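**Student:** One structure, pasted below without further comment.
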Amino acid sequence: MFENMNEKAAKSEILKLVAEYCDKFHTKKPYEEGDRIPYASRVYDRSEMVNLVDSSLEFWLTSGRYTDEFENKLAKYLGVRYCALVNSGSSANLNAFMALTSPLLGERAIKKGDEVITVAAGFPTTVTPMIQYGSVPVFVDVTIPQYNINVAMLEKALSEKTKAVMIAHTLGNPFDLKAVKEFCDKHNLWLVEDNCDALGSQYTIDGVTKFTGTIGDIGTSSFYPPHHMTMGEGGAVYTDNPLLNKIIRSFRDWGRDCSCPSGMDNLCGHRFDRQYGELPLGYDHKYVYSHFGYNLKATDMQAAIGCAQLEKFPSFVEKRKVNFNRLKAALEEASDKFIFPVACENSDPSWFGFIITCKEGVNRNTVVDYIEKQGIQTRMLFAGNLIKHPCFDVMRKTGEGYRTVGELKNTDRIMNDTFWVGVYPGMNDEMIDYMAKTIKEAVQQ
Ligand SMILES: Cc1ncc(COP(=O)(O)O)c(C=O)c1O
């Protein structure tokens, strides 16, 4: 087939076929009542598949030109200076947290035994890096119907050992960034925004509207398929702080000191003439390690998919808002049975899902069982109360390694009475209306 063709022409022929293949075999058939409604799904077309195959044919494999493009475009979209692509949202949280342990941060570096304020009602890997490193998560309750940290508890959670606050914007709803940021500034604490479920959410602070993930010191994203956009597996860490960016990249790339991209050498011009640690003068900078790092890089194939997703991303955010509002309006009449979500003041959420807490007398498990049987996929608010999980068994017994501040009443309520359904951009009005009808039916049983 490629006889008489140069490489460029051959590639173009392949990509044309890929586009046709995608149109023919990956175009979703329209929704019909009775089809299962997932809580989330990938939304893509030929451009993602063409980019993926294009990158595969280049066969660079590791981070390369698509990674650069993605990092630059996401940073530009968010309005931050630096963005580092990583291989998952969990890796992004690990990378962000470990960056704050760097000796380059002097007195402000998080040390073993230092405390980090967080919540237990959420996803485990917001908290995991703290425990793995040997710092102490300090759990504060959340509010319902915002499902975010109760900022009235922040001062009570503070101790001499507090170094940071690290929390997620739950299901797209920004936490009270004004209160949390003021608290962090007042006490010289780091703020990490786990933005994995909130990409595209906005918050207005001091009259300026910004994207969530860009108001604290570091923000993180996940690109696992159910999230706001996808590349299969993937994540990002972003910051405006040049020192934090240098540290984030070092931890991501094996802990190395050098910042030359894969396949490039000596961009600083000092590869063989500097003194590091107790190494001999001029030791190859490419192999000088300033941190005990990881390899958290993603592949260029993932980044290639991400580049195509970014083009669609603003429309995804708008559709999520439309779906959320339609579902909320349709469910209004059931507000004697359920508590519906409320956006944080001064925010414009890019909703990840529609979260519902059952009022007294309504059994969450019965409701969930009914709507699942009617073909609607549901989710819990991840861990519910993380402290109740088997991974906490040893710590719960010894009472060591974490602290709670006051009672986690709403956290427990979420574990028992809360669930959520999707509002992803692939949903249409019919699907939303069917979900509303079914949720209302569930309490008429
Ligand atoms: C708030 C939050 N943080 C982090 C993660 C982890 O992301 P990943 O699955 O890409 O590791 C998730 C996953 O859904 C999440 O919801």
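The values are calculated or read from the model by the stated rules, or taken from the named source; none is laboratory data. None of these values were measured; they are calculated from a predicted model. Every residue, glycine as well, gets a Cβ built from its backbone with ideal geometry; the counts of neighbours run over all protein chains shown. Keep in mind that these areas ignore ligands, DNA and RNA; they rest on the heavy atoms of the full protein, side chains included. Shrake-Rupley method; radii C 1.70, N 1.55, O 1.52, S 1.80 Å.
**Student:** Among residues belonging to region 341-363 that are surrounded by fewer than 16 Cβ atoms within 10 Å (Cβ to Cβ) and under 18 Å from Asn416 (Cα atoms), point out the one that is farthest from the ligand (Cβ to nearest atom).
**Tutor:** Gly361
**Student:** Any chance you could count how many residues in region 15-74 are acidic (Asp, Glu) and within 24 Å of Gln377 (Cβ to Cβ)?
**Tutor:** First pass over region 15-74, keeping only residues acidic (Asp, Glu): 20, 23, 32-33, 35, 45, 48, 54, 58, 68-69, 71.
This time we only want the ones that are within 24 Å of Gln377 (Cβ to Cβ), so: 32-33, 35, 45, 48.
Selection size over region 15-74: 5.
**Student:** Here is a further query. If Ile247 satisfies all but one of (1) open to solvent by less than 10 Å² (accessible area, probe 1.4 Å); (2) more than 12 Å from the ligand (Cβ to nearest atom); (3) among the hydrophobic types (A, V, I, L, M, F, W, C); (4) assigned to a loop (DSSP other than H, G, I, E, B), what's the number of the condition it fails?
**Tutor:** Of everything listed in (1) open to solvent by less than 10 Å² (accessible area, probe 1.4 Å); (2) more than 12 Å from the ligand (Cβ to nearest atom); (3) among the hydrophobic types (A, V, I, L, M, F, W, C); (4) assigned to a loop (DSSP other than H, G, I, E, B), Ile247 misses just condition (4).
**Student:** Then there's this: Of everything in region 95-125 that's assigned to a helix (DSSP H, G or I), more than 11 Å from the ligand (Cβ to nearest atom) and touching a residue at least 60 places away in the same chain (Cβ under 8 Å), which residue is farthest from Thr204 (Cα to Cα)?
**Tutor:** Residue satisfying both the conditions and the ranking: Leu104.
**Student:** Is there a residue in region 83-92 that is farther than 15 Å from Val192 by Cβ, in contact with a Phe, Trp or Tyr (Cβ under 9 Å, 6 or more places away or on another chain), among the aliphatic types (A, V, I, L, M) and more than 16 Å from the ligand (Cβ to nearest atom)?
**Tutor:** no
**Student:** Given the residues Val423, Val342, Val368, which is the only one that is in contact with a Ser or Thr (Cβ under 7 Å, 6 or more places away or on another chain) and in contact (Cβ under 8 Å) with a residue 24 or more places away in the chain? I'd like the intermediate steps shown before the answer.
**Tutor:** Details: Val423 fails: in contact with a Ser or Thr (Cβ under 7 Å, 6 or more places away or on another chain); Val342 fails: in contact with a Ser or Thr (Cβ under 7 Å, 6 or more places away or on another chain).
Among Val423, Val342, Val368, only Val368 is in contact with a Ser or Thr (Cβ under 7 Å, 6 or more places away or on another chain) and in contact (Cβ under 8 Å) with a residue 24 or more places away in the chain.
**Student:** For region 1-29, give me each residue that is touching a residue at least 12 places away in the same chain (Cβ under 8 Å) and either open to solvent by 100 Å² or more (accessible area, probe 1.4 Å) or within 27 Å of the chain's Cα centre (by Cα) (or both).
**Tutor:** Within region 1-29, Met1, Tyr21, His26, Lys28 meet the criteria.
**Student:** Just need a number here: residues in region 35-77 that are of a type in the set (Phe, Trp, Tyr) and outside any helix (DSSP H, G or I).
**Tutor:** Final tally of qualifying residues: 4.
**Student:** If the Cβ limit is 9 Å and pairs must be 6+ apart or interchain, which residue in region 203-229 that is more than 13 Å from Ser347 (Cβ to Cβ) and within 16 Å of the ligand (Cβ to nearest atom) pairs with which residue that is part of a strand (DSSP E or B) and basic (Lys, Arg)?
**Tutor:** Correct list of pairs: Pro226/Arg379.
**Student:** From Ala84, Ala92, which residue is open to solvent by less than 40 Å² (accessible area, probe 1.4 Å), assigned to a strand (DSSP E or B) and not basic (Lys, Arg)? Give the steps one after another, and end with the answer.
**Tutor:** Details: Ala92 fails: assigned to a strand (DSSP E or B).
After ruling out the rest, the residue left standing is Ala84.
**Student:** Mind counting the residues in region 127-146 that are touching a residue at least 40 places away in the same chain (Cβ under 8 Å) and open to solvent by 10 Å² or more (accessible area, probe 1.4 Å)?
**Tutor:** Of the residues in that region, 7 qualify.
**Student:** Okay, moving on. Might you let me know whether region 141-151 holds any residue that is over 26 Å from Thr418 (Cα atoms), touching a strand residue (DSSP E or B) at 6+ places or on another chain (Cβ under 7 Å), within 16 Å of the ligand (Cβ to nearest atom) and part of a loop (DSSP other than H, G, I, E, B)?
**Tutor:** Looking for residues that are over 26 Å from Thr418 (Cα atoms), touching a strand residue (DSSP E or B) at 6+ places or on another chain (Cβ under 7 Å), within 16 Å of the ligand (Cβ to nearest atom) and part of a loop (DSSP other than H, G, I, E, B), one finds none in region 141-151, hence no.
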